[in-house]
Amino acid sequence: MENLKVPVDELGLALEKASTPNKTVIIAVVNKAYVEQGVDAEMTMFDLFLESFWLGEDTRPLLDHLLIIAVDQAAYERCLFKRLNCYKAGNRRC
């Protein structure tokens, strides 16, 4: 019997992991500009965004249902560093 290779639907898996029981997901698209710290900045835009989940009223559990779509390697690595639900967008042609 031949071993058939079925392509893994990485986006589907990421969505499933981040979704609530009723299939709700918060999606944010992030690139290098959001994850790199400016010269005079204490935090990145990405850090500010994530901090709002910590500081908001009853918003911390929503982080478990946040899926970060990283459009470049820098954003993807930062997402992984933060231990979030991450998906690296590919350059697919339609």
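When every residue of the stretch 53-66 is checked against the conditions, at least one turns out to be more than 25 Å from GLU16 (Cα to Cα), out of contact with any helix residue (DSSP H, G or I) (no Cβ under 9 Å at 6 or more places or on another chain) and either polar (S, T, N, Q) or surrounded by fewer than 16 Cβ atoms within 10 Å (Cβ to Cβ) (or both).
Scanning the stretch 15-43 for residues that are over 16 Å from CYS86 (Cα atoms) and either part of a helix (DSSP H, G or I) or charged (D, E, K, R) (or both) yields LYS23, ALA33, GLU36, ASP40, GLU42.
Considered as a group, the residues in the stretch 44-94 that are outside any strand (DSSP E or B) and among the β-branched types (Val, Ile, Thr) include one that is nearest to the chain's Cα centre (by Cα), and that residue is VAL71.
Every read-out reported here was derived from the displayed coordinates using simple, explicitly stated rules and does not represent laboratory data. These numbers come from a predicted model, not from an experiment. Note that we place each Cβ from the backbone using ideal geometry, even for glycine, and neighbour counts take in every protein chain shown.
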